[in-house]
Amino acid sequence: MIDPDGQMIKEMQPQALVDAILAKKNLGTKKEMAPLTVALGPGFCAGSDVDYVIETKRGHRLGRVIAQGSALPNTGVPGVIGGYGAQRVIHAPAAGKICVQADIGSIVKKGQVLAVIGDASICAPFDGVLRGMIRDGFDVEQGLKIADIDPRIGEKENCTTISDKARCIAGGVLEVLVKNRIYAG
């Protein structure tokens, strides 16, 4: 369901609410929204904004449950894969409706057009696998993350499976739910 203002939270009255927006800042989540609140990553303080925060930064703390305090701050620098870091993440050069030209899982070549926004073509900065792409026809703001490329062409199957990072973060959420006896039923 698409519910940017959280109106369904009041109607559904969930036992637990997980803010998995991954905006790297709190966009309005409060402890009062549900009996148990969990947020992913930086921008939240466990014990005041929400009940628990899950660490989302790669490394030894990834997926850890934080009951008091905050996750590590956003560095703005993606992890290095195959020698590429910030270059892997592609941001919108302009605002407007995006017209996607390549699908997730596509093998792309340096310079290949991945998408178009107005008069601006967004090209692959290097050869790789298109691992992420924003939805075709979406209205984007300039600077919004719209795609990412994995330089490891042999890792194409990763586009259709859950990542190690996502699995660790989900494990942290599950740990909180089980500890607080929140079960689907």
Would you mention how many residues in segment 138-159 are surrounded by fewer than 12 Cβ atoms within 10 Å (Cβ to Cβ) and more than 24 Å from Ala92 (Cα to Cα)? 2
Pairs with Cβ under 7 Å, 6+ apart, first in segment 62-76 and without any contact (Cβ under 8 Å) to a residue 24 or more places away in the chain, second of a type outside the set (Asp, Glu) and buried (at least 18 other Cβ atoms within 10 Å of the Cβ): Ile66/Ala46; Ile66/Tyr52; Ile66/Val53; Ala67/Ala46; Ala67/Tyr52; Gln68/Ala46
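Quick one: in segment 7-25, of everything that is in a loop (DSSP other than H, G, I, E, B) and touching a strand residue (DSSP E or B) at 6+ places or on another chain (Cβ under 7 Å), which residue is surrounded by the fewest Cβ atoms within 10 Å (Cβ to Cβ)?
The first filter runs over segment 7-25 and keeps only residues in a loop (DSSP other than H, G, I, E, B), leaving 13-15, 20-25.
This time we only want the ones that are touching a strand residue (DSSP E or B) at 6+ places or on another chain (Cβ under 7 Å), so: 15, 20, 22.
On the way: Gln15: 15, Ala20: 16, Leu22: 12.
In this case the residue turns out to be Leu22.
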When only residues in segment 17-42 that are at pLDDT 95 or above and small (Gly, Ala, Ser) count, which is farthest from the chain's Cα centre (by Cα)? Ala34
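Report, by residue number, each residue of segment 26-49 that is surrounded by 14 or more Cβ atoms within 10 Å (Cβ to Cβ) and among the aliphatic types (A, V, I, L, M). Can you show your working first?
The first filter runs over segment 26-49 and keeps only residues surrounded by 14 or more Cβ atoms within 10 Å (Cβ to Cβ), leaving 26, 29-31, 33-47, 49.
Scanning segment 26-49 gives Met33, Ala34, Leu36, Val38, Ala39, Leu40, Ala46.
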Options Pro73, Pro78: the member that is in contact with a Lys or Arg (Cβ under 9 Å, 6 or more places away or on another chain), at pLDDT below 95 and under 30 Å from Ile153 (Cβ atoms): Pro78
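Kindly state which strands (runs of 3 or more DSSP E) lie completely within segment 95-185 and contain at least 3 residues that are outside the structural domain of Thr56 (by TED's automatic domain parsing) and farther than 24 Å from Gly76 by Cα. Step through it out loud before you land on a result.
Numbers: elements: 96-100, 113-117, 120-123, 128-133, 145-150.
The qualifying strands (runs of 3 or more DSSP E) are 96-100.
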What are the pairs, 6+ residues apart or on separate chains, where a residue within segment 163-185 that is closer than 17 Å to Ala46 by Cα has its Cβ under 8 Å from a residue that is part of a helix (DSSP H, G or I)? none
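This table checks each residue for (1) hydrophobic (A, V, I, L, M, F, W, C); (2) closer than 26 Å to Gly96 by Cα.
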residue	(1), (2)
Ile122	yes, yes
Arg131	no, yes
Gly137	no, yes
Val140	yes, yes
Asp148	no, yes
Arg152	no, no
Glu157	no, no
Cys168	yes, no
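Regarding Thr56, is this residue over 22 Å from Glu141 (Cα atoms), among the hydroxyl-bearing types (Ser, Thr, Tyr) and not in a loop (DSSP other than H, G, I, E, B)? Give the derivation first.
Numbers: over 22 Å from Glu141 (Cα atoms): yes; among the hydroxyl-bearing types (Ser, Thr, Tyr): yes; not in a loop (DSSP other than H, G, I, E, B): no.
No; evaluated as a whole, the condition is false for this residue.
The values are calculated or read from the model by the stated rules, or taken from the named source; none is laboratory data. Source: prediction; values computed, not measured. All Cβ positions, even for glycine, are placed from backbone atoms using ideal geometry, and neighbour counts span all protein chains on display.
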